[in-house]
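**Student:** Mind looking over this structure? Questions follow.
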Amino acid sequence: GWVYRRYVIMTELPSEISSDIISSEQDSENSLGVTRMEAAFGSGDGDENAFAAVSQGQAEVGTIFNRVYRPWRGTLGPRWTRNYAIYRHHVYGMITSKGHRYYHPFIRLAVLFILISSMSTLGFLILGSLIGEPEIMRPFGLNRNNIYAKILGFFPRNALWWPLLTALVIGGMISEDRAHGTSAIYFSRPINRLDYAVMKYLSVASILGGVILLTYVSYYSLAIVVEGHGWAYLFDSFPLFVSGLGISILLIITYSSIGMALSAISKGKFFPAVGFLSIILGTKLVAFLIDSLFDRSIVYILSPYDNLAHIGQLVMGINPGYDHPVAFSAVSLLAMNIISLYVISVRVNSLEVTRE
């Protein structure tokens with residue numbers, strides 16, 4: 001259906017013409033789209049001295065204002081195109097801000113710095129291969145411990161690079177939509193809340209995963225080339241590469257879940273970023289101090305990083321550095337991800353649809 005409203009604007013007219021207008025025939029039963037014009041004023045310079053000219057007859061001049069709301073009868077784009085628009089808006093914005101989300105130049109420079117710093121191992125590999133120094137190749141060459149350290153090494157990667165990268169990306173991912181009411185723009189389109197949350201999640205995971213996986217794959221590929229190993233070594237080391245790849249994906253999922261949950265409960269950029277760094281580094285520090293004082297390794301299950309490291313040591317076949325069973329770390333890591341996803345779901349469901 002439709003709703004039509006007719007507005008009458010009453011103005012004070014000069015005394016010499018008000019009687020003419022008042023005495024004109026009034027018709028309150030005008031049909032839709034038909035009105036009666038009795039007088040007109042100019043709109044140019046000198047209007048302050050203008051006077052109304054009263055028409056001698058009635059003129060049907062058509063519709064002045066008519067607003068009719070009708071449902072969209074056209075063909076909507078497929079669901080994936082609408083979801084891809086959300087994904088592209090955030091991911092492409094890290095590269096170019098034209099038509100996409102604006103990231104501060106400092107954030108872009110910080111991400112570029114993290115990418116270059118994470119690939120510094122490649123420079124040592126090339127240097128070691130050129131001078132033939134085994135002391136350089138030993139800490140940076142391709143082996144089980146170095147593959148593990150490339151992803152789960154605490155310093156500098158999980159102490160600086162990965163948490164900082166996640167903190168820079170998650171700031172304002174959902175919190176800005178809540179603070180500025182832009183969620184109403186999303187949901188005014190045929191976009192449901194599940195698609196909204198999934199695309200936001202994938203945007204964070206893609207940026208984080210792009211840096212982590214690019215540096216990891218580059219390291220493995222270059223190490224194979226510069227060390228001059230044959231096909232036999234490649235086949236032997238490939239299972240280690242796949243294991244490291246699985247741990248990398250698990251790290252990306254965990255960091256993205258925690259970061260998105262913090263962004264969902266906030267209304268600004270500062271709290272999610274600082275809160276994420278506090279969770280990753282704070283829990284690690286507290287667990288380390290308690291374990292050092294009371295020799296209780298079980299407290300490490302409170303640290304997302306240590307849970308990942310414990311599982312990674314088992315997968316990579318490295319002697320574990322924790323006394324508690326790896327099942328405790330697995331259950332704790334699973335609980336962290338489930339709780340984070342639940343918080344995201346609840347908060348996204350509470351986002352407003354309209355903006356008053």
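**Student:** Output ³J(HN,Hα) for the stretch 255-269: one whole-Hz value per residue in order, computed from phi by the Karplus curve 6.51 cos²θ - 1.76 cosθ + 1.60 with θ = phi - 60°, and x for Gly and Pro.
**Tutor:** 5, 5, 5, 5, x, 5, 5, 5, 5, 6, 9, 10, 10, x, 8
**Student:** Specify whether the C-alpha gyration tensor of the stretch 125-260 places it in the rounded, prolate or oblate class, a ≥ b ≥ c being the square roots of the eigenvalues: rounded for a/c under 1.5, otherwise prolate if a/b is larger than b/c and oblate if not.
**Tutor:** Prolate, since a/c reaches 1.5 and a/b exceeds b/c.
**Student:** What length, rounded to one decimal in nm, is gained on full extension from N349 through to K98, with 0.36 nm per residue of separation minus their alpha-carbon distance?
**Tutor:** Details: separation 251, 0.36 × 251 = 90.36 nm, distance 3.00 nm.
Full extension of this stretch gives 87.4 nm more.
**Student:** Rounded, prolate or oblate: which fits the stretch 211-333, taking a ≥ b ≥ c as square roots of the Cα gyration tensor eigenvalues, rounded meaning a/c under 1.5, else prolate when a/b beats b/c?
**Tutor:** Cα axes put the stretch 211-333 in the oblate bin.
**Student:** Once R0 is set to 56 Å, what does the formula 1/(1 + (r/R0)^6) return for the Cβ-Cβ distance between T182 and S120, expressed as a FRET efficiency to the nearest 0.05?
**Tutor:** 0.90
**Student:** For the stretch 140-299, report the accessible area per residue in Å² (1.4 Å probe, heavy atoms, rounded to an integer).
**Tutor:** Value returned for the stretch 140-299: 42 Å² of accessible area per residue.
**Student:** Please list 3J(HN,Hα) in residue order for the stretch 107-121, calculated via the Karplus relation 6.51 cos²θ - 1.76 cosθ + 1.60 where θ = phi - 60°; whole Hz, with x for glycine and proline.
**Tutor:** Working through the residues one at a time gives 5, 5, 5, 5, 5, 5, 5, 5, 4, 5, 5, 5, 9, 5, 4 Hz.
The values are calculated or read from the model by the stated rules, or taken from the named source; none is laboratory data. Keep in mind it's a predicted model, so treat the numbers as computed, not measured. For neighbour counting, all protein chains shown are included, and Cβ atoms are generated from backbone atoms with ideal geometry for every residue, glycine included. When the accessible area is computed, the model is the full protein with side chains, heavy atoms only, and any ligands, DNA or RNA have been set aside. Shrake-Rupley method; radii C 1.70, N 1.55, O 1.52, S 1.80 Å.
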